[in-house]
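Nothing in this text is a laboratory measurement; each read-out follows from the coordinates by a stated rule. These figures come from a predicted structure and were not determined experimentally. All Cβ positions, glycine included, derive from the backbone under ideal geometry; neighbour counts span all protein chains shown.
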């Protein structure tokens, strides 16, 4: 039991350290006199604008969402087959290691609570509330957060269930959890989508944004640990859930960016023309 707790603490500490380092680096770049322009960001901005011009805003959003979901499925399929191939050498030993250390008590009760973060009913309730709040905040473009959050919920469900059907790797003897971990994928993709839309709406300081993204990563770590500790999934199911969740989050962020267009800070604002001076006496 003690070693299992140490693993949880060490993992959370590593996530915090990496998050702090990335946030510090981002703040330093932003504070530079002439911060370098991101080539990838510039290319994405150009592609986004071309798509909006060629197929319309809605068409571009549908295209990006479909392409991202398809790419996630295409990458998740072979990863699931790989997870199935290493089951006896990786998952079974990890499963038995945790099985020998699971005991009733405060630690197990804590993991029972943490694993609910990725449950579909809880996430559905949060998604509905977030969609309403963000719709009010976005005013004329109220439909953007509503459409993105609804599409994210539906696409995550079908990508995850589709992967479980094509991979067919089975489940641990204790539960029906299979590849990829839906709890991990939902937590990252749905909470991450809501977080992105909220940050785009209220634009807090850069260090606050870094802190919030780090908290999301901490939640993903705790969700994956809880699912493994409680013997709800094979260990590689959790890894697959993390990967699928990140890929879907990138898809939904890109979709929101296409539907909403460039941020105000990304737009080129032409200086106002100065009025001519009246030189008449």
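Rounded, prolate or oblate: pick one for the stretch 70-162, where a ≥ b ≥ c are the square roots of the eigenvalues of its C-alpha gyration tensor, a/c under 1.5 means rounded, and failing that, prolate if a/b is larger than b/c, else oblate. Show your work: numbers first, answer last.
On the way: a/c = 4.88, a/b = 1.56, b/c = 3.12.
In terms of gyration-tensor shape, oblate.
Within 10 Å of each residue's Cβ, count the other Cβ atoms and sort 235, 153 from fewest upward. All intermediate terms of the calculation are to be shown ahead of the outcome.
Details: 235 23, 153 20.
Ordered by Cβ neighbours within 10 Å, fewest first: 153, 235.
As a test of the definition: which semi-axes, in Å, follow for the chain when you take the square root of five times each eigenvalue of its alpha carbon gyration tensor? Largest first, please.
Details: eigenvalues 335, 97, 58 Å².
So the equivalent ellipsoid measures 41, 22, 17 Å along its semi-axes.
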Between 88, 189, 164, find the one with the highest GNM mean-square fluctuation for the chain; connect C-alpha pairs within less than 10 Å. 88
Along the Cα-to-Cβ line of residue 101, 7 Å from the Cα, sits a label point; which residues in the stretch 227-255 have backbone N less than 11 Å from it? 229
